[in-house]
Amino acid sequence: MLVLHKIDEIKAIVSLEKAKNKTIGFVPTMGALHQGHISLIDYSKKETDITVCSIFVNPTQFNNQSDLKHYPRTPEADIKLLEDAGCNILYMPEVSDVYPENDIRKFDFGYLDTILEGATRPGHFNGVGQVVSILLEGVKPDKAYFGSKDYQQVMVVKSLVKQLKLPVEIVPCPILREPDGLAMSSRNTRLSAEERKIAAFIPQWMQEAIVIVKEKGIDAAKQFISEKISKVPEMKLDYYEVCDAETLESISDIKSVTLSACLVGRQGVEGHQKAISLIAVFVGNIRLIDNWIIE
């Protein structure tokens, strides 16, 4: 695996490969890699000739400086995982290489920037837009792979690509979960042993809430989630919403959502989903997100 640290290096290598009619797959990450990330590498290897992964903890998407400071960093383990997975090129830049000068660009993501993650983390998606645009313009991939755990972020990236008219296909891939159902996340490593046990309730309660949504409605499901979390001192609910799976507009009744193809990752049932439930919850000081499609 080739490890590069400068954007000019990655541009030169990719240009040479494209001159040989090779297709480029790209997996942008912030490191602290786990099998969820490796599944994206696997998708890229199956569908493209050359797989590029980036590891960069992007400062402009953190509105909490403590979160940025404590974000897990495991470069040696990450390199080993990527080598074992057969990744071809790793781009590990310094901040000065990605941002040689202050990036003052502002993107308009409309409604997506006002709800859920956009509402609770102001400026977050603009930072995502800044770094993703720089990486995509540098790597120039044919396909870029993103995990569907960050469901709203994938929609933002799709909007970004459309706005900038970038010639890349954004490929959402399904969430990978631990044996107890917890969505794989780099932040999971920051949980204490007791907090990790508690975090396993998140997917369990979300699945129970889906049954309630179908039988008693969305308001009843919201009340169920709120009551469950309020009874655990180590947990604090940021939001739980049920939305149209294609637009992320909040809905009051899943029966009112028309059937349409939506961003659900590679689950083989596109066109049959109506709604999605999304959650953000603190376990101790660690903020976790998850989502489940409601068919």
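All of the numbers you see were taken from the coordinates with simple rules; none came from a lab. Just so we're clear, the structure is a prediction, and the values are computed from it rather than from any experiment. Cβ placement follows ideal geometry from the backbone for every residue including glycine, while neighbour counts extend to all protein chains displayed.
Where does each of T247, T51 land when they are ranked from fewest to most other beta-carbon atoms within 10 angstrom?
Arranged by neighbour count, lowest to highest, T247, T51 become T247, T51.
Determine the percent antiparallel among the DSSP beta bridges restricted to the chain, to the nearest 5.
The answer is about 50 percent antiparallel.
With unit charges on the beta carbon (Lys/Arg positive, Asp/Glu negative), name the residue among A199, G36, V213 whose Cα is farthest towards the positive pole of the charge dipole of the chain.
G36
Under a point-charge model restricted to the Cβ atoms of Lys and Arg (+1) and Asp and Glu (-1), what is the dipole moment magnitude of segment 2-173 relative to its Cα centre, in debye to the nearest 20?
340 debye
Could you rank the peptides 65-71, 36-42 by their average count of other C-beta atoms within 10 Å per residue, with the highest value first?
Ranking, from highest mean packing down: 36-42, 65-71.
Just tell me which lysines come within less than 23 Å, Cα to Cα, of K255; anything on the same chain fewer than 8 places away is out.
Hits, sequence-local ones excluded: K214, K216, K222, K274.
Within 15 Å, Cβ to Cβ, of Q61, how many net charges do the neighbouring residues add up to if Lys/Arg are +1 and Asp/Glu are -1?
Cβ neighbours under 15 Å give a net charge of +1.
Distance from the Cα centre of segment 169-201 to that of segment 56-80, in angstrom?
Measuring centre to centre over Cα atoms gives 17 Å.
How high is the relative contact order of segment 29-75, given as a whole-number percent (alpha carbon pairs under 8 Å, six or more residues apart)?
About 55 percent, as a whole number.
Could you order the peptides 117-126, 280-289 from most to least packed, using the average number of other C-beta atoms within 10 Å per residue?
280-289, 117-126
Distance between Cα centroids, segment 26-49 to segment 227-243: provide it in whole Å.
31 Å
Using the Cβ atoms and a cut-off under 12 Å, what net charge is assigned to the surroundings of I115, where Lys and Arg are +1 and Asp and Glu are -1?
Within the 12 Å Cβ shell, the charges total -4.
Take C173, C53 and order them by how many other Cβ atoms sit within 10 Å, fewest up front.
If I rank by nearby Cβ atoms, fewest first, I get C173, C53.
Taking the Cα centre of the chain as origin, sum charge times position over the Cβ atoms of Lys and Arg (+1) and Asp and Glu (-1), and report the length of that vector in debye to the nearest 20.
About 120 debye.
Could you sort 77-85, 98-106 so that the peptide with the highest average Cβ count within 10 Å comes first and the rest follow in order?
77-85, 98-106
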